[in-house]
Amino acid sequence: MAPIVSKLGIIGAGVSGLAAAKQLAHHNPIVLEASDSIGGVWRHCSYSSTKLQSHRRDYEFSDFPWPDRDNADFPSHLEILDYLNSYAQRFDVLKFVRFNSKVVEVRFVGDREAVDFSVNPVEYEGLSPRGGQPVWEVSVQSNDSEAIQWYAFEFIVVCIGKYGDTPKLPEFPQNKGPEVFQGQTLHALDYCKLDKDAASDLLKDKKVVVVGYKKSAIDLALECAEANQGPEGKPCTMVVRTLHWTVPHYWRHAVSKFIESYILWKLPLEKYGLKPDHPFEEDYASCQMAIMPENFFSEADKGKILFKRSESKWWFCKDGIEFDDNTKIKADVVVFATGYDGKKKVKSILPEPFRSLLEYPSGIIPLYRGTIHPLIPNMAFVGYLESVSNLHTSELRSIWLARLLDNKFKLPSVEEMLEQTRKELEISKKTTRFYKRHCISTFSINHSDEICEEMGWTSWRKNTWLAEAFSPYGSQDYLKKQ
């Protein structure tokens, strides 16, 4: 079967893929989406109770405000999916999407000398209006067929994100893993696939252990507690290894020297032994703080949610899990809310030698402007940089990428780009020990300023200097060139 040839391919139709497709629509991209719908993690990695962790006006496209953007409630995942579908329909993005098209392999078919950087450093000449030579070939398998369709692209934008698809699971000694447990084990990703009734049946009147203490673990523990109301209901136990700061559900994104005192006043973290040992700013700088659901600690007060701190090893036994302090928790169900391996997901489709380039000594993929790997030709990554508002981050970088591919500006040299990524890494290291998460929340405005200036926009996005000095920035400030 002959390959389908196109200038531009986009892998993934989540938030980042939609942003990229809209900004690059004039190149008629082909968007390859493995599932049958858009939305990414909001569609495939959400519980029935999952909500956004910020107000909707902090999570909107610059040219598509929420219809009820002043609503103070945090939108549910279903509301976000409605918003994303409305955006895709408004800008006619769905015509580019090929659903049920799973990428199983990517091949480099460009000039091999181009990847010998001592001879010929990577240079971006944009996308030719007449079409250039393919650089990448992508094999795609449809969900309802074993046949493989090949595509050939001049440029690829990878938008598969860091979450979903590839669960991160703890390792256990031989004969001490889930195989010896007589109950049921699953990852949070598996739980997300259950409908509301099936999820309730899994949890109701069961002794459930949730491993983890980030957002997915907290939401799951609350759903477990709500499914076990009444005298027959069993408590849910959270196994907490690493503590991170949680904040009240009505908190607005802000950092000050008083924030820890405010959080400890509002939430009973010390009562339950959940106060982290590191400063709040470190979790803010690594995008790891979680918004606490409104009823979470009221369920803990009723004994429906219990906590087991464990900085040491634990393993499975026949009827539950054991710890090396000789304590034991009996369980019917154990759910791993232990996150995802985003780097492994990307490496699974990239060929050598490019796969090895993701294994940088720092542990962070060196992405210039959070988008371009200086040593990988004709490929961009959108959605791997985290911030307070990932949607805005992806949209602005998609705008930047579109102008790059339209030859509106040129990239610096490979050495300069790598140096820029090194400087950003040093800033992250100074603000948090969790710098490997590649989060820019503490310097996101500066990051955006530099992107604006590089692509020919002014970094002053407000109409007056007073507004520039005292008004918070939002996505609508980046609506158009100024």
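Odds and ends about this structure:
- Between SER49, SER6, the distinction of being of a type in the set (Ser, Thr, Tyr) and assigned to a loop (DSSP other than H, G, I, E, B) belongs to SER49 only.
- Residue list for segment 216-243, filter: touching a strand residue (DSSP E or B) at 6+ places or on another chain (Cβ under 7 Å) and closer than 26 Å to HIS278 by Cα: ALA217, ILE218, LEU220, ALA221, THR237, MET238, VAL239, VAL240
- GLY40 vs. criteria buried (at least 17 other Cβ atoms within 10 Å of the Cβ) and on the phi > 0 side of the Ramachandran plot: yes
- Looking across segment 198-221, the residues that are within 17 Å of ARG241 (Cα to Cα) and in contact with a Leu (Cβ under 7 Å, 6 or more places away or on another chain) come down to VAL210, TYR213.
- Any hit, segment 460-477, residues being outside any helix (DSSP H, G or I), among the polar types (S, T, N, Q), open to solvent by 30 Å² or more (accessible area, probe 1.4 Å) and at pLDDT 90 or above: no
- Picking from residues in segment 365-396 that are open to solvent by less than 20 Å² (accessible area, probe 1.4 Å), part of a loop (DSSP other than H, G, I, E, B) and aliphatic (A, V, I, L, M), the one that is modelled with the highest pLDDT is VAL382.
- Among the candidates LEU78, LEU84, residue that is free of Cβ contacts under 8 Å to residues at least 12 places away in the same chain and either closer than 26 Å to GLN288 by Cβ or small (Gly, Ala, Ser) (or both): LEU78
- Of the strands (runs of 3 or more DSSP E) that lie entirely inside segment 289-364, not one contains 3 or more residues that are more than 30 Å from GLU105 (Cα to Cα), modelled with pLDDT of 90 or more and within 24 Å of the chain's Cα centre (by Cα).
Residue-by-condition table, conditions (1) open to solvent by 40 Å² or more (accessible area, probe 1.4 Å); (2) assigned to a helix (DSSP H, G or I); (3) touching an Asp or Glu at 6+ places or on another chain (Cβ under 6 Å); (4) under 21 Å from GLY383 (Cβ atoms):
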residue	(1), (2), (3), (4)
TRP400	no, yes, no, yes
LEU404	no, yes, no, yes
LYS408	yes, no, no, no
HIS447	no, yes, no, yes
GLU453	yes, yes, no, no
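- Check on LEU425, in contact (Cβ under 8 Å) with a residue 60 or more places away in the chain, assigned to a helix (DSSP H, G or I), closer than 20 Å to THR371 by Cα and of a type outside the set (Phe, Trp, Tyr): yes
- The residue that is surrounded by the fewest Cβ atoms within 10 Å (Cβ to Cβ), counting only those in segment 71-92 that are out of contact with any helix residue (DSSP H, G or I) (no Cβ under 6 Å at 6 or more places or on another chain) and of a type in the set (A, V, I, L, M, F, W, C), is ALA72.
- When the helices (runs of 4 or more DSSP H) confined to segment 145-243 are screened for residues that are more than 23 Å from GLU33 (Cβ to Cβ) and touching a residue at least 60 places away in the same chain (Cβ under 8 Å), those reaching at least 1 such residues are found at 196-203, 215-227.
- Only one of LYS95, LYS102 that is loosely packed, with under 13 Cβ neighbours inside 10 Å and modelled with pLDDT of 90 or more: LYS95
- Neighbours by Cβ (under 7 Å, 6+ apart or cross-chain): first from segment 439-464, of a type in the set (Ser, Thr, Tyr); second loosely packed, with under 14 Cβ neighbours inside 10 Å: THR458/GLN482; SER459/GLU453
- The lone exception for ILE349 - which of (1) in contact with an Asp or Glu (Cβ under 9 Å, 6 or more places away or on another chain); (2) open to solvent by 30 Å² or more (accessible area, probe 1.4 Å); (3) under 30 Å from GLU137 (Cβ atoms) it fails: (2)
- Yes/no for GLU226 being among the acidic types (Asp, Glu), modelled with pLDDT of 90 or more and surrounded by fewer than 17 Cβ atoms within 10 Å (Cβ to Cβ): no
The values are calculated or read from the model by the stated rules, or taken from the named source; none is laboratory data. Since this is a predicted model, take the numbers as computed values, not measurements. Reconstructed Cβ throughout: ideal geometry from the backbone, glycine too, with neighbour counts over all protein chains shown. Remember, those area values only see protein heavy atoms, side chains included, never the ligands or the DNA or RNA. Shrake-Rupley method; radii C 1.70, N 1.55, O 1.52, S 1.80 Å.
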